[in-house]
Amino acid sequence: MRDLCFAVPSLSESPPSPGPCRGRARAAKPWHSQAAGVASSGFRELLGALSLEARGIHAKLTRSPWLLLAPLLSPTAPQVTSPPCCLCPEGVHRFQWIRNLVPEFGICSSHVRVLSAPTEFFELMKGQIQAAKRRVVMASLYLGTGPLEQELVDCLESTLEKSLQAKCPSDLKVSILLDFMRGSRGRKNSRTMLLPLLQRFPGQVRVSLFHTPNLRGLLRLLMPERFNETIGLQHIKVYLFDDNVILSGANLSDSYFTNRQDRYVFLQDCPDIADFFTELVDAVGDVSLQLQGDDTVQVVEGMVHPYKGDRAAYCEAAHARVMGVINAARPRQQMLHAQTFHSDCLGPREDAAAAGDRRPAPDTWIYPLVQMKPFEIRIDEAVTAALLTEAECGARVYLTTGYFNLTQAYMDLVLGTRAEYQILLASPEVNGFFGAKGVAGAIPAAYVHIERQFYQEVCSLGQQERVQLQEYWRRDWTFHAKGLWLYLAGSGLPCLTLIGSPNFGYRSVHRDLEAQIAIVTESQALQQQLHQEQAQLYLRSGVVSPATFQQPGRQVKLWVKMVTPLIKNFF
């Protein structure tokens, strides 16, 4: 077991003492009970035999990532087939276990740039589109309809036009993946914005509109516009230009280019990562509806229709298509890992191949984490839970979400583990729904209610010093940043961050299509970038206290309190 970066305690061992960490930890619910129905019956029987509760051992004190992930490693999730590379020296980094689930991309930290402002994100995207020669791949919830969004469309049109007029015409392809419901909202919408490109460059432009298989039949007929988006969405945010990739939580809309705070990381000259995300977006695109030049949609030939066809058959096909991308990339990256670190251990044929492709040893590793519960793909959920579980006493976790609505499993882990947590969330005034008309206008109050309930539980457990809530506020701005930064015990800089589309809520885990990346780095320069990003966001926040909920505008109406438990899984 010494090759594993996390030790697996024996069930016969005595649980470690709580040490200096303060507050009573709430017993985290056994992971296998949370994932009932996911594991196969045989695996469930095995886990029952190993029940930590039956042995009287506190679940949080004995779980390793492997036991934590076990119930998710059913036929519907990637199988852990081997331990981390036993040839690598211990301490290269302690998160190598993630590559048993997803491909691992080793890169140099100089290829990573952390952005901080919406305007920087917008200008970078325009410049990348204009410079693109081979491919532009954009996955988002929707494309807005304002002048800034039109600028992006104009950039795409200009770049496509140049590709045709060049002396040596390029094979530039543009692929755009959006959500069907959100992208079809209103008369002027994402579809109408992109139709001119489809009509003018039919052989070069593809627009795919994902339609959740869970919205079908009578439900689809009765659900009004906007409300139908609560059932499930395409929520991945990836923007890719040749071999450069932007991972973010930001959509393609004017507020995300001006005054809606998000997170953004730019991976430069990373062909393997760009290829992976191109294939991932293509896979989701293949199981989506294809926008035509006359504003109709069609399914890809041979594909089951997402809401007219058999749901089980569609989800099975989608699972196979997406997991095919992940499973094909893993062995490719493992070979590159061997070529980079262990060429002396390869056979003659492999050694000859490696000699021509020796790459500099990486100091940063990228792990793509995908969550598509409708297709029974739950990788991001498993990795996130493992990271929260294994954060030791003295470690610090900075977790941020624009919509504070953690799943019960994540709340149990935060309250049942021993790391220090600083959770950044939106104050009501910077919530994206603040001031909205109709029922949506009550959503910020619902988030306040959820926040207050969680804060009260923290206080009841005496964990105010270990688990701290902070509210982001900035005049005339909204807040949409999500992700986490992990600081190991005794370290002043983070060695890991999660960045992408998930919000850590029920929708992200169970309803929507999500993707983010885990960045693990030994580079002090990149760690400093990530630390500065975190510090800048938290600098605009205030610590939540009992007085917070006495402020004007924090009084939640009774009907909102009553309705919130019924609807919290939809927003």
Counting other Cβ atoms within 10 Å, which trypsin sites (Lys or Arg not before Pro) in region 354-428 have at most 16 and lie in a DSSP loop? ARG358
Over all directions, the average projected area of the alpha-carbon convex hull for region 132-283 comes to how many nm²? 9.9 nm²
Would you kindly derive the ³J(HN,Hα) couplings of region 398-407 from the backbone phi angles with the Karplus curve 6.51 cos²θ - 1.76 cosθ + 1.60 (θ = phi - 60°), listing them in order in whole Hz, with x for Gly and Pro? 9, 10, 10, 8, x, 10, 6, 7, 4, 5
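Return the subset of LYS188/LYS308; LYS482/LYS561; LYS308/LYS561 for which the Cα-Cα distance in this structure is over 31 Å, preserving the input order. Each step should come with its number before you reach the end.
Working: LYS188/LYS308 26 Å; LYS482/LYS561 25 Å; LYS308/LYS561 37 Å.
Going by Cα-Cα distance, LYS308/LYS561 fall outside the 31 Å limit.
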Give me a comma-separated list of calculated 3J(HN,Hα) values for region 319-334, in order, Karplus coefficients 6.51, -1.76, 1.60 applied at θ = phi - 60°, integers in Hz, x for any Gly or Pro. 4, 5, 5, 6, 5, x, 5, 5, 6, 6, 6, 4, x, 4, 6, 5
Per-residue ³J(HN,Hα) for region 278-284, Karplus 6.51 cos²θ - 1.76 cosθ + 1.60, θ = phi - 60°, Hz, x for Gly and Pro: 4, 5, 5, 5, 4, 5, 5
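Residues with beta-carbon under 14 Å from that of THR548, excluding THR548: net charge, scoring Lys, Arg +1 and Asp, Glu -1? Walk me through the intermediate numbers first.
Details: positive: ARG452, ARG554; negative: GLU429, GLU451, GLU471.
Here the count lands on -1.
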Ignoring ligands and nucleic acids, ARG220 exposes an accessible area, probe 1.4 Å, in Å² to the nearest 10, of 70 Å²
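Find out how many positive minus negative residues lie around PHE276, taking Lys and Arg as positive, Asp and Glu as negative, among other residues whose Cβ is under 12 Å from that of PHE276. It would help to have the intermediate numbers written out before the result.
Numbers: positive: ARG330, ARG332; negative: GLU104, ASP243, ASP272, ASP275, GLU279, ASP282.
Taking every other residue near PHE276 into account, the sum is -4.
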Can you give me the distance in nm between label points at GLN408 and GLU120, each placed 7 Å from the Cα along the Cα-to-Cβ direction? 4.1 nm
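Give, in nm to one decimal, the length gained when the segment between ASP294 and GLN550 is fully stretched (0.36 nm per residue of separation minus the Cα-Cα distance).
Gain on stretching ASP294 to GLN550: 86.7 nm.
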Charge sum, other residues only, whose C-beta stays under 10 Å from ALA117's C-beta, Lys/Arg counted +1 and Asp/Glu -1: -3
Sorted by accessible area (1.4 Å probe), largest first, how do ASP310, ASP179, ASP295 line up? ASP310, ASP295, ASP179
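Using the scaling law 2.2 N^0.38 Å as the reference, what is the normalised Cα Rg of region 472-571?
Numbers: Rg = 17.3 Å, N = 100, 2.2 N^0.38 = 12.7 Å.
Working it through for region 472-571, the quotient is 1.37.
Provide the per residue accessible area, probe 1.4 Å, for region 456-571, rounded to a whole number of square angstrom. Please list the in-between numbers first.
Working: 4980 Å² over 116 residues.
For region 456-571, the per-residue accessible area is 43 Å².
The values are calculated or read from the model by the stated rules, or taken from the named source; none is laboratory data. In this text, all values refer to a predicted model and were calculated from it rather than measured experimentally. Cβ: placed from backbone, ideal geometry, glycine included. Neighbour counts: every protein chain shown. Areas reflect the complete protein model, heavy atoms only, side chains present, ligands, DNA and RNA absent. Shrake-Rupley method; radii C 1.70, N 1.55, O 1.52, S 1.80 Å.
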